[in-house]
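Visitor: Dropping the structure in here first, questions after.
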Amino acid sequence: MLKYATVILATVSAVLAQQTEWGQCGGIGWTGPTSCVSGAACTKLNDYYSQCIPGAAAPSTTVTSTASGPTATAPAGALPPLGGVNTAGYDFSVATDGSFNGTGVNPPVAQYTHFASEGANLFRIPFAWQLMSPQLGGNIDQSFFSRYDATVQSALSSGSNVFVIVDLHNYARWNNGIIAQGGPTNEQFASIWTQLAAKYGSNERIILGIMNEPHDIPSVATWVDTVQQTVNAVRAAGSQNYLLLPGSSWASAQAFPTEAGPLLVKVTDPLGGTSKLIFDVHKYLDSDNSGTHADCVTDNVPVLTDLVNFLQANGNRQAILSETGGGNTASCESMLGSELAFVKNSYPTLAGFSVWAAGAFDTTYVLSVTPNGNQDQPLWVQAVQPNLP
């Protein structure tokens with residue numbers, strides 16, 4: 001680095017180089033300003049990121065630095081630390097255009113006690129919109145709901161601290177029509193959730209996952225309005241549940257701080273406060289972030305660091321990494337382990353994770369963590385289980 005010849009020149013440079021409030025001011029690979037404007041202190045959140053936080057030298061959220069992620073004191077009403085797995089099956093044959101032509105496959109309920117005995121306390125149970133409500137905006141199919149609810153109850157009964165995400169897995173679409181943007185109306189979408197709220201609304205260990213992976217949304221602002229109207233509807237139906245609010249771009253954790261996040265943080269809860277509005281993010285570790293390759297190329301720590309800092313700067317909000325995962329390979333054992341360690345150590349900002357996937361997937365599926373009998377997959381043993389709460 002070049003040295004200045006005079007103190008005056010150095011002083012002028014330092015003033016000009018000061019970072020603004022909430023801006024980055026340090027971390028591995030950082031070459032920008034390392035001092036902050038008056039009233040803010042450069043505070044290390046982790047090895048990769050220091051931030052100009054207004055006020056005292058320590059952040060108001062009582063963040064403490066660790067090698068793997070920032071931690072903070074949990075605010076009142078926050079979710080506890082969570083970690084677990086997606087148990088797929090009722091979503092099988094849902095296409096990314098929101099079409100569906102299957103019957104669903106029941107996840108093996110024995111998996112819930114198996115994983116819970118190893119420390120898992122979060123199960124995400126995806127389902128097809130068309131299975132739950134065969135007619136758009138119509139009544140819930142009671143035969144399918146009985147099937148689905150039996151699975152939910154098996155998951156809940158696997159441990160007194162277990163949470164379940166009831167996940168509508170249709171990509172913000174019904175048969176290729178985007179909700180409120182040429183497809184179903186907001187009222188038709190809200191209908192399925194008001195009915196589920198009537199079933200589950202008093203159980204705070206059930207988290208309502210509003211929608212899996214909205215993508216290619218023409219208007220993100222319109223999508224956020226859909227989310228707000230859905231929140232209003234389920235609260236009017238009596239729901240006390242935590243609600244998972246997804247962004248756009250496949251619920252991308254990387255896109256969230258600059259795309260849907262700045263709008264979603266403005267969604268309000270008729271219950272008051274925001275502690276029960278949790279953001280839903282996904283991030284895989286393979287070369288194209290698709291979750292279709294056995295090998296991993298990143299641990300996502302820089303991406304999740306940006307997400308954590310965005311959430312802390314916008315009301316100390318919580319998010320769940322509800323989909324992530326990799327193959328049973330050495331690269332994924334290492335990198336997924338590093339990612340999940342970061343998530344665990346970033347509590348309460350990152351409330352937890354659920355890896356993809358077990359349930360009705362067999363052991364040959366590329367991202368399978370389905371046990372082979374009672375024997376766990378290597379990825380579960382090496383990367384997931386050590387980072388459960």
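Visitor: Let me confirm something: among Asn345, Asn374, which residue is modelled with pLDDT under 95 and open to solvent by 40 Å² or more (accessible area, probe 1.4 Å)?
Guide: Asn374
Visitor: Continuing with this model, one more query. Look at segment 224-274 and say how many of its residues are over 18 Å from the mean Cα position of the chain (by Cα), over 23 Å from Glu187 (Cα atoms) and open to solvent by 60 Å² or more (accessible area, probe 1.4 Å).
Guide: Total satisfying the criteria: 0.
Visitor: Here's a follow-up. Does segment 97-120 hold any residues that are out of contact with any Ser or Thr (no Cβ under 7 Å at 6 or more places or on another chain) and either open to solvent by 10 Å² or more (accessible area, probe 1.4 Å) or farther than 23 Å from Phe163 by Cα (or both), and which are they?
Guide: Within segment 97-120, Asp97, Gly98, Ser99, Thr103, Gly104, Val105, Pro108, Ala110, His114, Ser117, Glu118, Gly119 qualify.
Visitor: Now for a separate question. Which pairs turn up if I take residues in segment 177-203 that are touching a residue at least 24 places away in the same chain (Cβ under 8 Å) and closer than 16 Å to Tyr242 by Cβ and look for partners that are of a type in the set (A, V, I, L, M) and part of a loop (DSSP other than H, G, I, E, B) with beta carbon separation below 6 Å, at least 6 apart in sequence or on another chain?
Guide: As it stands, the answer is Ala197/Ala237, since those pairs meet every condition given.
Visitor: Among the listed residues Ser354, Ser368, identify the single one that is closer than 27 Å to Phe127 by Cβ, open to solvent by less than 10 Å² (accessible area, probe 1.4 Å), among the small types (Gly, Ala, Ser) and part of a strand (DSSP E or B).
Guide: Ser354
Visitor: Checking the condition touching a residue at least 12 places away in the same chain (Cβ under 8 Å), assigned to a loop (DSSP other than H, G, I, E, B) and farther than 16 Å from Asn176 by Cα, which residue from Phe92, Phe100, Phe115 passes?
Guide: Just one listed residue meets the conditions, Phe92.
Visitor: I need the full set of residues from segment 135-158 which are more than 30 Å from Lys344 (Cα to Cα), of a type outside the set (Phe, Trp, Tyr) and surrounded by 14 or more Cβ atoms within 10 Å (Cβ to Cβ), in order please.
Guide: If the condition is that a residue be more than 30 Å from Lys344 (Cα to Cα), of a type outside the set (Phe, Trp, Tyr) and surrounded by 14 or more Cβ atoms within 10 Å (Cβ to Cβ), then Leu136, Gly137, Ile140, Asp141, Arg147 are the ones that fit.
The values are calculated or read from the model by the stated rules, or taken from the named source; none is laboratory data. Everything numeric here is computed off the predicted structure, so don't read it as measured data. Don't worry about glycine lacking a Cβ; one is built from the backbone with ideal geometry, like all the others, and counts go over all protein chains shown. Heavy atoms of the whole protein, side chains included, go into the accessibility calculation; ligands, DNA and RNA do not. Shrake-Rupley method; radii C 1.70, N 1.55, O 1.52, S 1.80 Å.
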